[in-house]
Amino acid sequence: MRKSKIINISKLTVITYFMGTVMIICAIFNVYMSYRYVSNLVKGGLEIKKQILDIINYYLSGVTPYLFYSTCLIALGYILNNSVDVVNKERINKVEESFNNKLIEEELDIYLEELGKN
């Protein structure tokens, strides 16, 4: 059951999940680089208590876009994956319906032939 679910994931969904993951990695890297930059400023004599709002603003302005885009891309991948499932279910239902209609027609033809023989 699990293998069929993996196979049904579209390429576009995989790409959006991958790009979302890359954005999360970029956000983590940006947090690390921001930490190094701020710690170097503190070693140079920056007083954190006086500049706390600037430091928070620096972190948020560097990380927030990556987190926002990663969230959007992962959500888009989820939506695309679910929409593909809905489209596939509709196609399967149409095929099953046409198959059932053909079976009914064949059974009706056989029944009418038997009535004609009697």
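When each of the peptides 105-113, 67-75 is scored by the mean number of other C-beta atoms lying within 10 Å of its residues, the order from highest to lowest reads 67-75, 105-113. Each peptide in 47-58, 17-28 was scored by the mean count of other Cβ atoms within 10 Å over its residues; highest first, the order is 17-28, 47-58. Applying 1/(1 + (r/R0)^6) with r as the Cβ-Cβ distance of Thr71 and Tyr35 and R0 = 25 angstrom yields a FRET efficiency of 0.70.
No value in this document is a laboratory result; all are computed from the given coordinates. Keep in mind the model is a prediction, meaning the values are calculated, not measured. Every residue, glycine as well, gets a Cβ built from its backbone with ideal geometry; the counts of neighbours run over all protein chains shown.
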